[in-house]
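One structure below.
The values are calculated or read from the model by the stated rules, or taken from the named source; none is laboratory data. None of the values given here were measured: they were computed from a predicted structure. Positions of Cβ are generated from backbone atoms using ideal geometry, with glycine treated the same way; all protein chains shown enter the neighbour counts.
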Amino acid sequence: MQPTLTHSLQLILWTLISTTRSSAPQVKLGQTTVIGSAIPSGEEFFGGIPYAEAPIGDLRFTRPVPKFSLGNLSTFDATSFGKSCIQPPSPFTPVDLPLSEDCLTINVFRPAGLTPGASIPVMAWIFGGSFFTGTTITFNASSLVSRSITRGTPIVYVSFNYRLGPLGFPQGPEAAARGLLNLGLRDQILALEWVQNNIAAFGGDPAKVTVFGQSAGAVSVALLYLTKSFSNLARAAIFESGEAGTTGIFDANKSLEQWNIFVNNTPTCAGNSSDQFSCLRAATTDQLLAAENAGLGATVGEFPFFPVLDGPDGIIPELPSDRLRSPGAGANIPFMSGSTLDDGTLFVAASSAITSAAQIVDQLNTSFYPCASASALQNATDTLLELYPNIPALGCPFNTGNDTFGISPVFKQAAALIGDIVIQAPRRLWSKTASAKGTQVFSYIFTDPQPENPPFLGVAHLSEIPYVYGDITVAANGTGPGTLSEIVQDYWLSFANSLNPNDGKGAPRPNWEPYGAKQRIMQLNSTNTEMIPDDFRQSQMAFINKNAALFCQ
């Protein structure tokens, strides 16, 4: 569930930003001169700047402590990314990814020569990865920033790491009692506060911040969007393939079994059940990582560690679908929200060997119990199986007829059903609910064919990311002038600059209508980018959204 750039592009990026020159760009933060790197294409990079005290020692498993200045340092080397937060191996990150608990750092890409008084809009990225993998290293924003310069609407781009897995999202009653839930979300909030305090020094305008993310990153952005303080941190948001209810929002006991596996595999916690956090703080980083890896084979549900309800004064005081309907939620902050055509296929990997309706039911029960009673969830599941019949031509990947790609036809049934529950129906619910409150909403579906994907994945989760970042080595349909990649970048950059994707600058492209009463969305496709009705699978998604609480959304 984590987007990535190709390994070759990562190597190119590392080469570009690690090459220091006598004319290295500099920014003054308090008493400290921050030294970055010039990128030959006309951008500048500053990386690995701490925004919080290192969460190690006594600060491990605590709320992040701000570090908005670099103290008495005369200079700070910001020519490379900081280390990534500890995480298990992933096919979406480099095999030699440098890991550390001291990982709460922030990065800035900007146009070359920008002055502190430039006050240009800011785009702040939150990466995805199911809340237990991911890193800023795999996102090269030089193309996006370069595009912003070319079209005359320059932006400053920001990305940051946040704690992942059990260190970022502790579970269970002890974490709840100590106020240690959702630490990774608190890291994200603190990083955005750093932006408010420091981005002006890089030429950015703290009053013009758009926060955007994909997958778990989009879930994060949507959860922050619903907080009372979001309007102090950003003026706009973009959700790519994820809303606040995508992972399901449970209390702290939902993943208690997974948490206990992690604790019990930590050597310093052997026989210690009275004070889990003291024994966890006594472990080495390697021991914690080994304990997390040991539990992955026994993962319970889609996400082993994830955001949870954390009480009236917390970040997530109630279900997002309830919170969204309240008058003050989001404070009418405009947003863009969308999905890929076949988001569901990666949630139902072919390796899971789903071959029967009973296995679909099992996955739903594992993912969404105990938000509903067993009987209520069973009744809902019976209805869902009627609404999503085992007819390959109706399944996901969509528009592929009766082709079952040599695997069980139940795969297509499950991918359609689960994809709508976790991505497509929440996207529609947010678009409708926010628009009805008067919020400016722009909704999309990304349908561009992905010939490099195995056919059973279709236009899968992650597919739009290379187009946003202009990664032409991945986006085979995104190369050359006037292509979909340029159009997507122009829509995103226009929205960040003007709160409207239709500024008329850059590549020629259709007018993107607000969702509003017409309930129309932009189809992003290399040969057919146009507005279409948001009416596909109408009865199916109406049922899901009517019963959002059953799915912990």
Out of 181, 192, sole residue that is in a helix (DSSP H, G or I) and crowded, with 21+ Cβ neighbours inside 10 Å: 192
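Taking the condition assigned to a loop (DSSP other than H, G, I, E, B), farther than 30 Å from residue 211 by Cβ and either of a type in the set (Gly, Ala, Ser) or touching a residue at least 24 places away in the same chain (Cβ under 8 Å) (or both), does residue 355 pass? Talk me through it step by step, then tell me what you get.
Details: assigned to a loop (DSSP other than H, G, I, E, B): yes; farther than 30 Å from residue 211 by Cβ: yes; either of a type in the set (Gly, Ala, Ser) or touching a residue at least 24 places away in the same chain (Cβ under 8 Å) (or both): yes.
So residue 355 passes the test.
Condition check ((1) part of a loop (DSSP other than H, G, I, E, B); (2) modelled with pLDDT of 95 or more) across all residues:
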position	(1), (2)
4	yes, no
9	no, no
12	no, no
46	no, yes
62	yes, yes
88	yes, no
96	yes, no
102	yes, yes
Boolean, residue 201 is in a helix (DSSP H, G or I), in contact (Cβ under 8 Å) with a residue 40 or more places away in the chain and under 12 Å from residue 238 (Cβ atoms): no
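Residue-wise test of (1) of a type in the set (S, T, N, Q); (2) outside any helix (DSSP H, G or I).
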{"residue": "389", "(1), (2)": "no, yes"}
{"residue": "413", "(1), (2)": "yes, no"}
{"residue": "416", "(1), (2)": "no, no"}
{"residue": "427", "(1), (2)": "no, no"}
Checklist (1) at pLDDT 95 or above; (2) closer than 28 Å to residue 244 by Cβ; (3) not in a helix (DSSP H, G or I) applied to residue 137, failing item: (3)
Test: residue in region 353-372 that is out of contact with any Gly (no Cβ under 9 Å at 6 or more places or on another chain), acidic (Asp, Glu), under 28 Å from residue 305 (Cβ atoms) and surrounded by fewer than 19 Cβ atoms within 10 Å (Cβ to Cβ): yes
Residues of region 389-408 that turn out to be under 14 Å from residue 358 (Cα atoms) and either among the β-branched types (Val, Ile, Thr) or surrounded by 15 or more Cβ atoms within 10 Å (Cβ to Cβ) (or both), as a count: 2
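Listed here are the residues, each with its yes/no results for (1) in contact (Cβ under 8 Å) with a residue 60 or more places away in the chain; (2) farther than 22 Å from residue 463 by Cβ; (3) of a type in the set (D, E, K, R); (4) part of a strand (DSSP E or B).
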residue	(1), (2), (3), (4)
210	yes, no, no, yes
219	yes, no, no, no
224	yes, yes, no, no
231	yes, yes, no, no
239	yes, no, no, yes
246	yes, no, no, no
249	yes, yes, no, no
259	yes, yes, no, no
262	yes, yes, no, no
Qualifying positions in region 532-546 - without any contact (Cβ under 8 Å) to a residue 40 or more places away in the chain and either more than 15 Å from residue 428 (Cα to Cα) or part of a loop (DSSP other than H, G, I, E, B) (or both): 535, 536
Members of region 500-522 found to be under 26 Å from the mean Cα position of the chain (by Cα) and either surrounded by fewer than 16 Cβ atoms within 10 Å (Cβ to Cβ) or within 29 Å of residue 322 (Cα to Cα) (or both), listed by number: 500, 501, 512, 513, 514, 515, 516, 519, 520, 521, 522
Search result, residues across region 259-300 that are within 22 Å of the chain's Cα centre (by Cα), under 30 Å from residue 549 (Cβ atoms) and not aliphatic (A, V, I, L, M): 299
Selected residue (criterion: surrounded by the most Cβ atoms within 10 Å (Cβ to Cβ)) from residues of region 142-156 that are in contact with a helix residue (DSSP H, G or I) (Cβ under 7 Å, 6 or more places away or on another chain) and either assigned to a strand (DSSP E or B) or among the small types (Gly, Ala, Ser) (or both): 148
Only one of 109, 139 that is crowded, with 22+ Cβ neighbours inside 10 Å, in contact (Cβ under 8 Å) with a residue 60 or more places away in the chain and within 15 Å of the chain's Cα centre (by Cα): 139
Filter result for residue 131 (crowded, with 22+ Cβ neighbours inside 10 Å, under 17 Å from the mean Cα position of the chain (by Cα) and either part of a loop (DSSP other than H, G, I, E, B) or of a type in the set (Asp, Glu) (or both)): yes
